[in-house]
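Below is one structure, written out as structure tokens, with a few remarks after it.
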Amino acid sequence: MNGALVWLLVGLGLAVVVVRRRSVAVGLVTVQALVLAGAAAHAASGTDALAAAALAVRAVALGTLLLFVVSRTREPRPIRAGIATLARGGLAVALALALTWLVPAFGLDSRNVERGVLALVGFGAATVALRRATLFHVLGIVLAENGLALAALRLPNGSSFAIELGVAFDLTLVALVATVFHERIFAEFGAGDSAALRTLRD
């Protein structure tokens, strides 16, 4: 996997942190997952071909589900993130850089790929921490999952397809559960705004 492809994935991840529209963010993470699937498809082994097919199916299924959720939970007014777009992007980049400086090499076939993985995980964490819209919290999980999928694809000796599929299934299940919570919050408060949860008391 060449450096340009890794940084395309990173650029798509950063765009998710800064965009305002939920549908655009869903499109970005879906394209990111499809790029990952395409990169896996270029590998020669049958295991990588199976991993590529699994990634492609996951990308299309999650993208379709999330767009369906967006259409079902139209916000009456935009949910402000509480922090300006440039500041949000700057904090996400700072977190990604801190991770690349602090985390030592962890065995992928290229340090460039390791930096890309850490950046995607950092952007996922930043999306969850800096956005109030609950659907963006789901997208943050998917971003981090895409980073872990990139890591699995770039292990020097390859990884077991069963392990890759298991990790993808587990994290996809987490995203699905988070999506259900988003719908429940929307049904209860009329908006997918995590700030509304502060009003809850025992």
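The values are calculated or read from the model by the stated rules, or taken from the named source; none is laboratory data. The structure displayed is predicted, hence computed values, not measured ones. When we count neighbours, we look across all protein chains shown, and the Cβ atoms used for this are built from the backbone with ideal geometry, even at glycine.
Scanning segment 115-136 for residues that are modelled with pLDDT under 90 and surrounded by fewer than 22 Cβ atoms within 10 Å (Cβ to Cβ) yields VAL128, ALA129, LEU130, ARG132. Considered as a group, the residues in segment 131-145 that are closer than 23 Å to LEU86 by Cβ, of a type outside the set (A, V, I, L, M, F, W, C) and in a helix (DSSP H, G or I) include one that is farthest from the chain's Cα centre (by Cα), and that residue is HIS137.
Do you know which residues across segment 29-40 are free of Cβ contacts under 8 Å to residues at least 24 places away in the same chain and crowded, with 18+ Cβ neighbours inside 10 Å? The one that is free of Cβ contacts under 8 Å to residues at least 24 places away in the same chain and crowded, with 18+ Cβ neighbours inside 10 Å: ALA37.
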